[in-house]
Amino acid sequence: MILKKCVLTASVGSLLSLSSLSLFAADEDVTFSDDTPAVTESVPLTETESDPSTWVDMSDPTAIYSHASIGGGNQGVDLSATYGGYLSGVYKHSFTLAAREDLEHYETNYFILNSASNSGVAFDNSWSEDMRIDHTDYDDLNDNSIGFFAKLPFMEDKVRFHPKVSVGFIWGDHFSDTTYVKFDATTRYRFDHMYWVGVTPTYAYGFKGEDLNEWTATLDAGVQISDVFGISASVNDDKDFLANVTFAF
């Protein structure tokens with residue numbers, strides 16, 4: 001809770017400072033003497049900053065790039081860091097380490113993408129996770145899975161469909177060891193290079209262990225302000241809300 005309050009206090013303080021500076025710049029009446037030439041040209045933007053086609057696409061869950069995120073919502077503070085780069089040939093890869101829900105739930109993800117076919121494989125692991133299954137809450141569950149995914153563009157790449165099929169294993173105290181299969185149907189719509197919305201319906205079925213047979217859904221939206229900075233928010237059918245700030249590097 002102390003870390004959560006510090007992060008939220010720092011975030012609010014930063015936002016207030018930026019707002020104050022913006023208002024000061026807008027209200028200040030700047031004049032120049034006859035001996036002081038006015039500056040009429042701004043600093044030129046780099047090619048990456050001025051050309052959105054060179055930006056990393058933060059709306060794409062299969063995009064490979066290095067970035068860090070900080071978020072907060074009704075489940076607490078989330079932190080994550082990702083390293084992404086080329087593996088070999090047409091293959092790219094990324095590794096993500098995350099601490100979620102007030103840094104009490106931990107995740108790793110290793111992701112391999114075939115950039116020629118826009119498909120790949122993902123290895124997901126989580127520890128000490130709280131899950132709601134069939135309207136029952138379980139604490140401190142662990143989950144390992146392997147998934148196969150693809151990216152399918154439609155409507156001149158404005159709509160992207162990201163199907164993913166995973167096979168996994170969940171275990172924990174007061175929970176029967178469960179083998180399951182899961183299907184995610186993430187769909188994203190990009191209005192332009194800045195704004196996007198999405199929905200992810202998910203179906204999970206346990207064929208050994210707990211009687212797992214349920215649908216869940218998540219709605220999300222985001223805005224990419226520059227080539228290295230974006231903001232997003234999501235809410236799921238359990239009414240868990242999360243806002244994220246992402247910095248690419």
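For segment 183-191, putting each phi into the Karplus relation 6.51 cos²θ - 1.76 cosθ + 1.60 with θ = phi - 60° gives couplings of 10, 10, 10, 5, 10, 10, 10, 9, 6 Hz, in residue order, rounded to whole numbers and with x for Gly and Pro. Using a cut-off of 10 Å between beta-carbons, work out the net charge of the residues near residue 162 (Lys and Arg +1, Asp and Glu -1, residue 162 not included). Within the 10 Å Cβ shell, the charges total +2.
Computed with a 1.4 Å probe on the full set of protein chains, the accessible area for residue 241 sits at about 100 Å². Applied to segment 171-182, the Karplus parametrisation 6.51 cos²θ - 1.76 cosθ + 1.60 on θ = phi - 60° returns per-residue 3J(HN,Hα) values of 8, x, 5, 6, 8, 5, 4, 10, 9, 9, 10, 9 Hz, with x for Gly and Pro. Accessible surface comparison of 69, 53, probe 1.4 Å, protein chains only, largest first: the order is 53, 69. Here the peptides 213-219, 59-65 are ranked by packing, the mean other Cβ count within 10 Å, and the order with the highest first is 59-65, 213-219. Using the Karplus relation 6.51 cos²θ - 1.76 cosθ + 1.60 with θ = phi - 60°, the per-residue 3J(HN,Hα) values for segment 59-67 come to 7, 9, x, 9, 5, 9, 6, 8, 6 Hz, with x marking Gly and Pro. Coordinate range of the alpha-carbon atoms in segment 125-249 per principal axis, descending: 46, 27, 27 Å.
The values are calculated or read from the model by the stated rules, or taken from the named source; none is laboratory data. What you see is a predicted model; the values in this text were computed from it and never measured. Heads up, the Cβs are rebuilt from the backbone with ideal geometry, glycines too, and the neighbour counts pull from every protein chain shown. Each accessible area value is taken on the protein alone, full model and side chains, heavy atoms only, with ligands, DNA and RNA left out. Shrake-Rupley method; radii C 1.70, N 1.55, O 1.52, S 1.80 Å.
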